[in-house]
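Inspection log for the structure reproduced underneath, given as structure tokens.
The values are calculated or read from the model by the stated rules, or taken from the named source; none is laboratory data. These figures come from a predicted structure and were not determined experimentally. Here the Cβ is made from the backbone with ideal geometry for all residues, glycine too, and neighbour counts use every protein chain on show. Quick note on the areas: whole protein, heavy atoms, side chains included, nothing else; ligands and nucleic acids left out. Shrake-Rupley method; radii C 1.70, N 1.55, O 1.52, S 1.80 Å.
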Amino acid sequence: MKIITSIFDLNKEIKNFKNVGFVPTMGGIHNGHISLIKASQKKNKKTIVSIFVNPTQFNKTSDFKKYPRDIEKDIISLKKLKVNYLFLPTTKDIYKFKARKFVLRKKDKILCAKFRKGHFEGVLNVMNRLMSIVKSKDLFMGEKDYQQLHLIRRFLSKKFNVRINSCPTIRTSDKIALSTRNKLLNKKSLEKASHIAKLLIKIKKRRTKLNSSKFKVDLSNYKKELEEKFNIKIDYLEFRDEKNLKLNNLKNKFRLFVAYSIDKIRLIDNF
Ligand code: AMP
């Protein structure tokens with residue numbers, strides 16, 4: 001595996017490659033990331049993984065500072081997977097050139113866009129930069145961050161003429177969605193997160209089974225119940241259309257979206 005730390009070196013290295021899959025990450029490599037890497041390796045001759053903890057997508061500096069980082073361990077995992085290139089850019093390099101700024105429309109300001117001001121503008125900004133550097137036509141992203149996937153499809157797939165491969169959420173055996181942020185949770189919080197995930201899977205199943213106009217799941221009641229039972233703060237708990245993220249109309253395929261804070265750590269998931 002070649003470790004590349006500058007845009008200049010990356011350009012030199014990948015100039016003549018066509019068949020390259022790209023897996024952008026913020027590190028803390030876990031099985032969720034690994035599933036994306038394997039999907040890329042199946043389809044492409046070469047795979048580039050980037051690790052860049054992007055400061056502009058954190059709305060609190062404290063959150064950026066405490067984001068778990070373990071580059072040595074990540075390098076060992078990626079080498080084992082036979083990743084061809086690990087791109088480790090510096091913030092200075094990524095932000096040294098001028099690039100388009102993205103503004104979300106009113107209709108995009110839902111779910112995390114409503115609760116984390118500036119977050120997706122930061123994500124789109126860095127993804128625009130990374131994609132213009134890496135120039136891959138095959139991008140691999142996780143459904144765990146469903147709204148991110150949706151916005152990148154909307155804003156960037158045409159611009160870069162890139163295929164966006166969405167990969168299902170990988171969970172632990174007790175149903176917690178893998179996430180680098182889970183490293184910040186203690187045992188008790190992890191147990192709570194597992195209970196919450198199991199309950200939400202049940203709610204989704206119930207709604208899917210009884211998907212008729214007669215049946216309504218009152219999510220505001222569930223929200224209150226969960227907040228009290230687990231001592232958590234829920235930002236949102238909503239059924240939304242899988243395709244356009246509009247509030248679900250009971251006809252199309254839908255997902256249950258949740259964001260909550262537990263011990264001051266914010267977790268997101270969808271089922
Ligand atoms: P992150 O390092 O958290 O920014 O994630 C990098 C990529 O991995 C994003 O496309 C995420 O959606 C994806 N990802 C993160 N966690 C999971 C998971 N549990 N299952 C599948 N993909 C994931």
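Side notes on the structure shown:
- Across the range 35-56, the qualifying residues are those that are near the ligand (Cβ under 9 Å from one of its atoms) and over 19 Å from VAL162 (Cβ atoms), and the one among them that is surrounded by the most Cβ atoms within 10 Å (Cβ to Cβ) is ILE51.
- Residue match in the range 21-33 (condition: touching a Phe, Trp or Tyr at 6+ places or on another chain (Cβ under 9 Å), surrounded by 18 or more Cβ atoms within 10 Å (Cβ to Cβ), without any contact (Cβ under 8 Å) to a residue 60 or more places away in the chain and within 15 Å of SER179 (Cα to Cα)): yes
- Residue check, ASN128 away from the ligand (no atom under 15 Å from the Cβ), of a type outside the set (A, V, I, L, M, F, W, C), open to solvent by less than 50 Å² (accessible area, probe 1.4 Å) and in the same structural domain as GLN41 (by TED's automatic domain parsing): yes
- Top-ranked residue in the range 106-119 [being hydrophobic (A, V, I, L, M, F, W, C), more than 13 Å from the ligand (Cβ to nearest atom) and assigned to a helix (DSSP H, G or I); ranked as surrounded by the fewest Cβ atoms within 10 Å (Cβ to Cβ)]: PHE115
- Condition check for ASN84: surrounded by 17 or more Cβ atoms within 10 Å (Cβ to Cβ) and over 25 Å from LEU267 (Cα atoms): yes
- Any hit, the range 3-24, residues being among the β-branched types (Val, Ile, Thr), more than 13 Å from MET141 (Cα to Cα) and within 11 Å of the ligand (Cβ to nearest atom): no
- Flag for PRO68 being under 16 Å from the mean Cα position of the chain (by Cα) and assigned to a strand (DSSP E or B): no
- From the options PHE8, PHE97, PHE52, residue that is in the same structural domain as TYR146 (by TED's automatic domain parsing), within 23 Å of GLN148 (Cα to Cα) and among the aromatic types (Phe, Trp, Tyr): PHE52
- Qualifying positions in the range 10-65 - assigned to a helix (DSSP H, G or I), within 19 Å of the chain's Cα centre (by Cα) and hydroxyl-bearing (Ser, Thr, Tyr): SER35, SER40, THR56
- Inspection of the range 162-182 finds a residue satisfying the criterion of being in the same structural domain as THR91 (by TED's automatic domain parsing), more than 11 Å from the ligand (Cβ to nearest atom) and either open to solvent by less than 40 Å² (accessible area, probe 1.4 Å) or at pLDDT 95 or above (or both).
- Among the residues of the range 14-53, those that are within 15 Å of ILE76 (Cβ to Cβ) and of a type in the set (A, V, I, L, M) comprise ILE29, ILE34, ILE37, VAL49, ILE51.
- When residues of the range 138-157 are limited to those that are open to solvent by less than 10 Å² (accessible area, probe 1.4 Å) and more than 10 Å from the ligand (Cβ to nearest atom), the one farthest from PHE120 (Cα to Cα): ASP138
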